[in-house]
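Input: a single structure, listed below in structure tokens.
The values are calculated or read from the model by the stated rules, or taken from the named source; none is laboratory data. Keep in mind the model is a prediction, meaning the values are calculated, not measured. We place every Cβ from the backbone using ideal geometry, glycine too, and count neighbours over all the protein chains shown.
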Amino acid sequence: MKYIRILFTIAFGIIYWPVNIVHTKVQKWYFAEKKKDIIIWYLFTPFYWIIVAITFIISVPYEFIIARDIH
């Protein structure tokens, strides 16, 4: 069972880090865009929340596995 958790940790880690970096960069642009162009901000809102959902779906199991291994 320990080896399966290690494999899941590696797999989620490989997926999580790039997704988290993309989310961070998009979030920085998204919040700054509200001050510049509100129309683009409203048009991009569904895509932003899709990125947030994907990041959340990947990060919750990843952090649960890491927390279980640490404690």
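Return a yes/no flag: does the stretch 37-59 have any residue that is within 30 Å of MET1 (Cβ to Cβ), modelled with pLDDT under 90 and assigned to a helix (DSSP H, G or I). The answer is yes, given that some residue of the stretch 37-59 is within 30 Å of MET1 (Cβ to Cβ), modelled with pLDDT under 90 and assigned to a helix (DSSP H, G or I). The single residue among TYR16, TYR3, TYR62 that is surrounded by fewer than 10 Cβ atoms within 10 Å (Cβ to Cβ), in a helix (DSSP H, G or I) and either under 11 Å from the mean Cα position of the chain (by Cα) or aromatic (Phe, Trp, Tyr) (or both) turns out to be TYR3.
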